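Notes follow the structure.
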Amino acid sequence: MFAEQLAGNLIQGLVLGSIYGMATMGLSMIFGVLQVVNVGHGAFIMIGAFTTMTVFTKLGLNPIFAIPFALVIGMALGFLFYYVVMQRLIKAPELASLLATFSIGIILEETVKLTFGSEFRGFNWETGKLDLGVTVLPYSKLIAAGGSALVALLLYLWYHKTRSGTAVRSVIEDSEGARVCGINVNWAYALSFALGIGLTVTSGVFLTMFIPVGINPYMGGGYTVKAFVIAVLGGLASPYGAFFGGLIFGLMENGSYTILATIKGVEPFALTRFFSFVTLLVILLIRPTGLFKSQ
Amino acid sequence: MSARPGKYLALIPVLAAYLGMFVFGRVQPDMWQLVAMLAFYCCLGQAFNLFLGMTGYVDFGYVAFVGVGTYGMALTLSRLSGVEGIGFGALVIGLLAAAGMSAMLSIAVGAVALRLRGAYFAIATIGVNEGFRYFIEGARIWNGSEGIIFSKDLRAIFGRETAIALSTFWADVFVIVIGASAAVVTLIYMRSKIGFALTALREDEDAAKVIGIFVTKYKIIAFITSAVFAGLLGATAWALKLTYVYPPDAFEIHYTVEAIIIVMLGGAGTLLGPVVGGLLYGLSKYWLAIILPGFQLLIFAPIILVIIVAFPEGTVGYLKKKVRGTALERYIV
């Protein structure tokens, strides 16, 4: 009985984990290239969630069609914030970029609150279900997980097989050297920031396919913390590390929930979230470079 | 270190500001609520500045210390209400509990986070408030997600009249005193080895280490001091004033946001900055609540962006540059 429940929840965790992973890749990418921690990360996921909801309820389109909208909106926001704010802070103390991304997050949240109101919303996308015996997976969740894995693969190909991806990698290695070789470093920063934000907003689409309820302007805060845990698990600067970190985190979250639910007198949902925070502290303490490679 | 005359002259304007708030509130009793709000923001900024301003590290989970302090007072009052003749002893124990509990949390968090630099520090702290909130709710300690309501206990200890006076008047006076004390401690730190070490750390942490400054020690001192003032603020401005504590409210990240705005607006690392920032923020919030309710964050977040990009020293930092070399130099710090 318990084993069945655990197996079911772990499968769900793996599916959710791939979405978590994708939702963290943008954060890792921006940190990897610009050395900037996007503290407003969750707000961009929220933008993706609202994009999906609008596409689904106002335009009456399948949430899959929200992906191109989200990518375009995200990249546009990314370029806008990069050229208006971030490029002036590349050489500033860390305090400046942390507070700047934090403020950008607040601007987005408050703008959405003014447009849509602050109550929770959701939508209902019926796609049928896949019965695995121990658990039932709606196809919408599988599409979201598959889409996330596909995006991770595309990002890998872009990084390693295209000229612009190679240019960005060279900037990560040595921005001065890249400049000497004729790479437009500022453009590489701008592109990475915009792609990172674009990925994050797109991940909001996948997240709402998985969990189509609980959309609200302030929904991002929880995801910011989760994304930090995942990013640190995967080594803060590595987007693929983040993807695998997401898988581990999804398994961990659902596994610990299932185990905590058997203990009487505790609130398993809240404790799960507490443990994800403790995980963050423990990893930062013992292995701040992530689980996968040492520096 | 030679004792310079006028070393502590800079306290005059900042203490005058706190005294001015009190006097204004007494003269205009119908404005007392506004004074209470302004005092809260000045005190929040003053306490937050002790760490952010002096070290240049951002603690995104700062509100957790205010929340834990609120719990310290709430638990004390609700547990001790049955004790015969405890009276004002309960208040003292409550304040001590608030200070002690926030100090303990800050040591626990600091033990991990203060080993980390810059971005990693921010990442480690961003979940502290949520993490602690979910710990209270999840482990069902301190009445779990239901929170603690203790207005009855407050009346049982002090009697009806005194309880009301405590909530509506003395709580705010305490806040003013705590804010002023935080300012005094800030200046003492600035004028001592701690301040010099932290300035070196803020400018270049590696260089500070190389010349033999034990940076972690000074970071911890600033972190704990800042947390203790936050705890005292929670015990008075939230616990005594509201007479209840409820986890989602006590650990609301919104207050960290406000603390950041206040400190940046006034000038991080300056003595007078938090008061100037607190007054600017509090008054505009009060005014915006009348003409554009719900807009204050949407207005302040872009202002913070502008400050960070164009004007990182804040109002007082700017003034400080202007008065350099004049007689005012000693007063604006």
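Only the coordinates and a few stated rules stand behind these numbers; no lab work does. Computed from a predicted model, the values in this text were never measured in an experiment. Cβ atoms come from the backbone with ideal geometry, glycine included; neighbour counts cover every protein chain shown.
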key: 3J(HN,Hα) from dihedral phi, the stretch B:204-219, Karplus parametrisation 6.51/-1.76/1.60, rounded to Hz, x for glycine, proline   = 6, 5, 5, 4, 4, 5, 4, 7, x, 8, 7, 4, 4, 4, 6, 4
inquiry  = Hydropathy at least 0.5 by Kyte-Doolittle, axial extent at least 18 angstrom from the Cα trace: which helices of chain A, defined as entire DSSP H runs, fit?
reply    = A:2-34, A:41-57, A:66-84, A:94-116, A:139-161, A:185-210, A:220-233, A:239-260, A:268-286
key: Charge dipole magnitude, Cβ of K and R +1, D and E -1 - the stretch B:1-130, Cα centre, debye nearest 20   = 440 debye
remark   = Semi-axes in Å, largest first, for the stretch A:9-104 (Cα gyration tensor, √(5λ)) are 28, 18, 10
query = Taking amide hydrogens as modeled 1.01 Å from N in the peptide plane, which residues meet the under 5 Å criterion relative to A:Gly40, leaving out close sequence neighbours?
reply = A:Phe102, A:Gly105
ask   = Which ³J(HN,Hα) values in Hz, rounded to whole numbers, follow from the phi angles of the stretch B:33-49 under the Karplus curve 6.51 cos²θ - 1.76 cosθ + 1.60, where θ = phi - 60° and Gly and Pro get x?
value = 4, 5, 4, 4, 5, 4, 4, 4, 5, 4, 5, 4, x, 4, 5, 5, 4
ask   = Two-decimal Rg/Rh of the stretch B:248-299 from alpha-carbon positions, Kirkwood Rh?
value = 1.01
ask   = Hey, if you drop one equal point scatterer on each alpha-carbon of the stretch B:11-330 and run the Debye formula without solvent, what base-10 log of I(q)/I(0) do you get at q = 0.15 Å⁻¹?
value = -1.25
note = Once amide hydrogens are built 1.01 Å from N within the peptide plane, the residues lying 5 or more places from B:Arg140 or on another chain with amide H under 5 Å from its amide H are A:Glu267
query = What translational diffusion coefficient, in µm²/s and rounded to a whole number, does the Stokes-Einstein relation yield for the stretch B:61-147 at 20 °C and a viscosity of 1.002 mPa s, taking the hydrodynamic radius as the Kirkwood radius over Cα pairs?
reply = 152 µm²/s
query = Tell me, what ³J(HN,Hα) does each residue in the stretch B:312-318 have, in order and in whole Hz, if you take phi through Karplus 6.51 cos²θ - 1.76 cosθ + 1.60 with θ = phi - 60° and put x for Gly and Pro?
reply = x, 7, x, 4, 6, x, 5
message = Given the stretch B:210-333, report the % of alpha carbon pairs whose separation exceeds 16 Å.
response = 72 percent
query = Per residue and in Å³, how big is the convex hull formed by the alpha-carbon atoms of the stretch B:1-152?
reply = 189 Å³
remark   = tail above 25 Å in the computed P(r) of chain A, as % of all Cα-Cα pairs, reads 47 percent
remark   = Per the protein assembly as shown, sqrt(5λ) over the Cα gyration tensor eigenvalues, sorted largest first, in Å, gives 41, 31, 23
task = Sum up the charges of everything whose Cβ sits under 10 Å from the Cβ of B:Ser145, counting Lys and Arg as +1 and Asp and Glu as -1, but leave B:Ser145 out.
result = -1
ask   = What does the charge dipole of the stretch A:2-286 about its Cα centre add up to, to the nearest 20 debye, if the Cβ of each Lys and Arg holds +1 and the Cβ of each Asp and Glu holds -1?
value = 320 debye
